[in-house]
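Rule-based calculations on the coordinates, nothing more; no lab input. If you're wondering where the values come from, they're calculated on a predicted model, not measured in any experiment. Please note: Cβ atoms are built from the backbone with ideal geometry, for glycine as well, and neighbour counts cover all protein chains shown.
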Amino acid sequence: MAEKSPAPSRTHRVYEQIRSRLLNGALPPGQKLVISDLCENLGANQSAVREALARVTAEGLVTAEPQRGFRVSEIAAEDLHHLTDVRLLIEEPCIRSAIANATIAWEKGIVAALHGLLRTPRNDDDGKVTQEWADAHHAFHHALVATCDNPWLLRVRDMLLLQSERYRWLSISSPSKRSNLEKEYSKLADAFLAHDADLAIKLMREHYLMTTKIVLGKDQKPARTRKASAKVTEGA
C-alpha cells in the first residue's frame, strides 16, 4: 500500500528542521544525506523527508545527484564572491527606497529589532550560533528595508539573504571571529535612522565584505572588483 502524503504542517516542520541544520552547519557541506537516517533523527516518514529535501534542493542548499541521492551543497570561494556581488547590487536600491519612504513606524521597527538582536545570546555553550539569534538577525535586516516600495527587490533580497546564511554562520560561529558585530549593527541602525542613505550603503557593503573576508580567511575583493582590477593591470 502506498505511503500516505504527510500533512502540510508535518512536512513544513521537517523542512524547517532540515533547513536549520543546513544553515547552522549541523549538516556540513558535502555530507551525503541518507533519507532513512533523517527519518530516524527527525521522527518523520519518508514522504515528509523527501518533500523537505525537494524544497531545500530548489533553494540551492542541497544538491540532487542522479542515482546517488542527496548531498549538502558545497561552499566555494567563487560562489561567495558572486553572491556578495549580487547582494551589493540589490542592497543599494532597497536602502534608498526604504529611506525615501521612511515613517515613524519604520524607525520604531528598526529600534525594536536592534534591541532584540543585541539582547539575544549569539552563541550556545558549544559555541554554535543559536536559532533565536538567527531569527533576530533576520528580523533586523528585514526591518531596515521594510519601507522599500519595490516588492520584487525585496523578494530577490530575501532569496539572497537565505543563500548567504551558511556563509554568515561560518563567519560568526566563534565570538572571537566577529567581536565587533554588535557595533556593526548599531552603526547600521544609526545610519538608517539618520536617513543617511550613502552612509547606510557604505556600512552595509563593509558588513557583507567582512563576512567574505572571515569565511575565506583572507581579504579578497568581490569577483566584479577583481575582474575590473585585472583589466586595469592588462592595460597598464
Only loop residues by DSSP count here, and only those with at most 10 other Cβ atoms within 10 Å; note down the trypsin sites (Lys or Arg not before Pro) in segment 48-112 that meet that.
-> 68
Mean projected area (nm²) from the convex hull of Cα positions in segment 47-107 is 7.1
If you place +1 on the Cβ of every Lys and Arg, -1 on the Cβ of every Asp and Glu, and leave all else neutral, what size is the dipole of segment 77-228 about its Cα centre, to the nearest 20 Debye?
-> 460
Counting Lys and Arg as +1 and Asp and Glu as -1 over every other residue whose Cβ sits under 14 Å from the Cβ of residue 15, the net charge comes to +3
For segment 77-228, shape from the Cα gyration tensor axes a ≥ b ≥ c, cut at a/c of 1.5 then a/b versus b/c, turns out oblate
For q = 0.13, 0.14, 0.15 Å⁻¹, what log10 I(q)/I(0) does segment 1-146 give under the Debye formula with an equal point scatterer on each alpha carbon and no solvent?
-> -0.80, -0.89, -0.98
Quick one: P(r) of segment 8-72 from all Cα-Cα pairs, 5 Å bins, percents rounded to integers, in order of increasing distance.
-> 4, 19, 34, 29, 13, 2
In nanometres, what is the gap between the two model label sites at residue 161 and residue 146, each 7 Å from Cα along Cα-to-Cβ?
-> 1.2
Might you report the magnitude of the Cβ-based charge dipole of segment 14-109 about its Cα centre, with Lys and Arg at +1 and Asp and Glu at -1, to the nearest 20 debye?
-> 220
Given charges at Cβ of Lys, Arg, Asp, Glu: segment 9-125 dipole, positive-most of 49, 23, 111 = 49
Residue 128: which aspartates and glutamates have alpha carbons under 19 Å from its alpha carbon, excluding same-chain residues fewer than 8 sequence positions away?
-> 16, 165, 182
All other residues with a Cβ under 11 Å from the Cβ of residue 30 taken together, and with Lys, Arg as +1 and Asp, Glu as -1, what is their net charge?
-> +1
